[in-house]
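Encoded as structure tokens, the structure appears first; notes follow it.
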Amino acid sequence: MKVVEGMPKTYYHYPRIVAVAGVIFDKKVNVIPLVWHTGLSFSPPLYGISISPKRYSYELILKSGEFSVNFLEFKYHKIVEKWGSVTGKEVDKLTQTQVSFKKGIKTDTPVLNIAYVVHECELIEHYSLGDHTLFVGLVKATHYREDYFDEKTMLKVEEIRPLLYLGKHVYITVNPETKSDLDKA
């Protein structure tokens, strides 16, 4: 196995599930696709997203103090790619791609109509970590499509294809035939 110092700018730790962060500030709605995100805690319910200070959403989240985290199916990968290739400073991404939203019930954040799960988050902390900032959100509400999940609250991958990012503008999804439920083994 080849060894290099540090972590080069590569996609060795991909694929990653895509999340779309949403924010509303001063009547401006913006979305940004992310793959650097994670659940941080169940109690209290915390979710983290990592965004470069160069991105327009970065300043909007700081100003608004809240954000949503939307999860989409693979069939929306072309829309997500478009959102990631333009800045919300110049383009209304949702109008351009004809995607609608409703405002959250606990926050003033966009809940995308094409999402199968959405976390509404109140920004409670942010940490500058190298070339990105980790935004920590307290999850105030979670919206989810009940028919997309089984009794264990696991995504029905036999029916629903989550959107994964492989890197360099390449998107993939899961193969349900590779699912192995060791609980039943």
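Every number in this text was worked out from the coordinates using simple rules, so none of it is lab data. All of these numbers come straight from a predicted model, not from anything done at the bench. Positions of Cβ are backbone-derived with ideal geometry, glycine not excepted, and every protein chain shown enters the neighbour counts.
Compute the distance from the alpha-carbon center of region 61-111 to that of region 17-48, in whole Å.
Using only Cα atoms, the two centres lie 10 Å from each other.
Contact order normalised by length for the chain, with contacts defined as Cα pairs under 8 Å and 6 or more residues apart; what percent is it? Provide the component values of the computation, followed by the final result.
Values: 347 pairs, mean separation 45.1, N = 185.
After rounding, I find 24 percent.
Which of I51, I61, I105 moves the most in a Gaussian network model of the chain with Cα springs under 10 Å?
In this elastic network of the chain, the residue with the biggest mean-square fluctuation among I51, I61, I105 is I105.
State to the nearest 20 debye the size of the charge dipole of the chain about its Cα centre, where the only charges are +1 on K and R beta carbons and -1 on D and E beta carbons.
Details: 24 positive and 22 negative charges, 113 e Å.
That gives a dipole near 540 debye.
Sort 132-139, 164-171, 116-123 for me by packing, meaning the mean count of neighbouring Cβ atoms within 10 Å per residue, highest on top.
In descending order of packing, they fall as 116-123, 132-139, 164-171.
Could you rank the peptides 176-183, 1-8 by their average count of other C-beta atoms within 10 Å per residue, with the highest value first?
176-183, 1-8
How much mean residue ellipticity at 222 nm does the chain get from its helices, if each DSSP H run of length 4 or more adds -39500 (n - 2.57) and you divide by all residues, to the nearest 500 deg cm²/dmol?
-3000 deg cm²/dmol, from helical runs alone.
Contour minus end-to-end for K89 and D131, with contour as 0.36 nm per residue of separation and end-to-end as the Cα-Cα distance?
The K89-D131 span can extend by a further 13.1 nm.
Pop a pseudo-label 7 angstrom from the Cα along the beta-carbon direction at both D181 and Q98 and give the gap in nm to one decimal.
3.8 nm
Cut-off 10 angstrom, C-alpha nodes, Gaussian network model of the chain. Which of T153, T38, T173 fluctuates the most?
Taking springs between Cα atoms under 10 Å, the residue moving most is T153.
So which residue, out of V86, V35, V20, gets the largest mean-square fluctuation from a GNM of the chain using Cα contacts under 10 Å as springs?
Per the Cα network of the chain with a 10 Å cutoff, V86 tops the list.
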